[in-house]
Amino acid sequence: MNGKHCILFLILSLLSAAGLSAGFLFPHCGGFALIAFVPLLWMDRLASRDNCRHFWWWHYLTFVLWNAFTTFWVCNATVGGGIAAILINALQMSVIWALYRLVSRHLDGPLPYIFLISAWIAWERFYFSAEVSWPWLTLGNAFASSTSCIQWYEITGTLGGSLWIWLCNVTIFLVTVQLQENKWAGMRAKARAAVAVWSFVILAVPPIASWIRYATYTPEGKESIDVSLLQPNLDPYQKFQSLSQAQQNDILTGLMDSAFAEHPDSTALLLIAPETVTGDIVLNSCRVSPTMMTFDHKISQRKRTDLLFGASTYEFIDSPTAPSHTARKATEGMWYENYNSAFLINNNSYMGIYHKSKLVVGVEKMPWPAVMGKVDKALGGVMGHCIGQKEVSLLYADRKIPVGCAICYESVYPEHFASYVGKGARAMTVITNDAWWGDTPGYRQHLRYSCLRAIETRRDIARCANTGISAFINSRGDIVSETQWWTRDVLNGSILLNDSMTAFVRTGDVTGKACTLAAILLALDFLLTVILKGRNTEKKSRKDRKVQNRCDR
């Protein structure tokens, strides 16, 4: 590869990385994703034409840059984890691209592009349920700040956005190839018309249909419940050093007083505090926790008040040996498990508990604990040992209203989030602590992903964050009201209750399932083609050898 190629490829790589990053970094810039792969596709075409060696490093560079531009803030919480997330996530993307290049050598026509699209989306779907999962840069997330353009996510889910991005990119690329090679003028009129119609349908119909749906959508729910979001604004790196748990509880009860002052005593009120506001609750005896007793006493002052809050919890297990690979030793014959939990309590002795299912790898969760447990022990116990529920469960506000509570990272997973609604949640809540990342794009991206979940499920969402941004999001994906970052505040509002279910909730991720099937079928077609070509080559070789032997005789 000469210097001219290097400069051109670097420019194309930067263009693709910038286009892919724009929607994640800047409001209403998701449209750049519709053309972001075009420079990379052209770079790939030029590399194949000129037989450039070591091209793999160029598409890997593109994906490393995209990951670095958009998720660099992970390093604020863990430098090693952030770098690993960038490099490993980019590597997986690059493997998909390498498979596409391999397939394109053996399959003709549009099949390689169909394989690229379906394999990429199949990988995104797999990533939602993988043991090591980091689906933050799912392509469809690029439109999280442009919700009026993607109301059809209620049918397809976020992977429908990924499919739209790929179809637009491949269409634009193929049209530019036709123009560059002067083939457009030689095409028949019907062929040109078909290309024009297809391009219009792919590029324009989804957003136009979405704008119409956005303008005409009316929520089906008629009932609502008042909610107060309590944002204590505690620095997660310092709160246990600078404040005792009792002092932190005083801050929260003071915010409760502010909420009470805004609501009549007879009104049903749901108070929501963020993730992990306390670490003193033992699941074997929850009610004797100092924090639980403080909160119980506070909400007993009102008739119809519920409090939903997050906690780091522990469960002690009496066992002579370790009951699991994640259990830690407390004393001789006594072990404990960790959970990231959500509680909902009221003054009628009700206490609902939900344990976070989708745990952050490394920080909270140790993947493959039977194997990694030994590695973690050798490293001095650096990984999280939390465990969670296998399935979601609901909490009940005002004694009868089923609500779902996604804890932090869980709001990134479309089907997981939809499963709360599938179980009957009439409204959704999200509790989180995004302060680990500092004032970076991370917490803003996380907030916007809740807007996608609102569209997919058509549920109002009350989102409470420790340091911001806390917000009320309606079922169209609009942020109705929000707090400022790094402020102590109480945000009052209401959430509408809805019983209907979207197509996405009812049928799940049909887009991802269809693309997975397509990728498998095309992979089998590729393998069959390679095998048949190999056999034909072998037959031809044997025939040539026979002919040569005859000539020699």
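The values are calculated or read from the model by the stated rules, or taken from the named source; none is laboratory data. Values in this document were obtained by computation on a predicted structure and should not be read as measured data. Ideal geometry is used to build each Cβ from the backbone, glycine not excepted, and the neighbour counts take in all protein chains shown. What goes into the accessible areas is simple: the full protein's heavy atoms, side chains included, and nothing from ligands, DNA or RNA. Shrake-Rupley method; radii C 1.70, N 1.55, O 1.52, S 1.80 Å.
Checked against (1) closer than 20 Å to ASP478 by Cβ; (2) of a type in the set (Asp, Glu); (3) open to solvent by 10 Å² or more (accessible area, probe 1.4 Å), ASP398 passes all but a single condition, namely (1). Does LYS190 qualify as being of a type in the set (D, E, K, R), more than 17 Å from the chain's Cα centre (by Cα) and not in a helix (DSSP H, G or I)? The answer is no for LYS190. Checking the range 483-503 against the condition returns a match, with at least one residue being more than 30 Å from ILE251 (Cβ to Cβ), modelled with pLDDT of 95 or more and in a helix (DSSP H, G or I). Among the residues of the range 30-63, the ones that are closer than 13 Å to ILE165 by Cβ and either small (Gly, Ala, Ser) or not in a helix (DSSP H, G or I) (or both) come to 5 in all.
Report whether or not SER133 is among the hydroxyl-bearing types (Ser, Thr, Tyr), touching a residue at least 40 places away in the same chain (Cβ under 8 Å) and either assigned to a helix (DSSP H, G or I) or surrounded by fewer than 18 Cβ atoms within 10 Å (Cβ to Cβ) (or both). Here the answer is no, as SER133 does not meet what is asked. Being crowded, with 18+ Cβ neighbours inside 10 Å and touching a residue at least 12 places away in the same chain (Cβ under 8 Å) holds for only one residue in ALA330, ALA418, and it is ALA418.
Entry remark, the range 187-239: residues being without any contact (Cβ under 8 Å) to a residue 12 or more places away in the chain, open to solvent by less than 50 Å² (accessible area, probe 1.4 Å) and under 30 Å from ALA273 (Cβ atoms) number 1 in total.
Being without any contact (Cβ under 8 Å) to a residue 24 or more places away in the chain, more than 20 Å from PRO236 (Cβ to Cβ) and charged (D, E, K, R) is a property that does not hold for LYS390. Please work out which residue is nearest to THR291 (Cα to Cα), limiting yourself to the range 241-268 and to residues that are touching a strand residue (DSSP E or B) at 6+ places or on another chain (Cβ under 8 Å) and surrounded by fewer than 17 Cβ atoms within 10 Å (Cβ to Cβ). Only one residue tops the list, namely SER258. Candidates are the residues of the range 461-482 that are crowded, with 21+ Cβ neighbours inside 10 Å and of a type in the set (Val, Ile, Thr); the one that is nearest to HIS446 (Cα to Cα) is ILE469. Would you mind telling me which numbered condition in (1) of a type in the set (A, V, I, L, M, F, W, C); (2) modelled with pLDDT under 95; (3) open to solvent by 60 Å² or more (accessible area, probe 1.4 Å); (4) assigned to a helix (DSSP H, G or I) TRP184 fails? Here TRP184 clears every test but (4).
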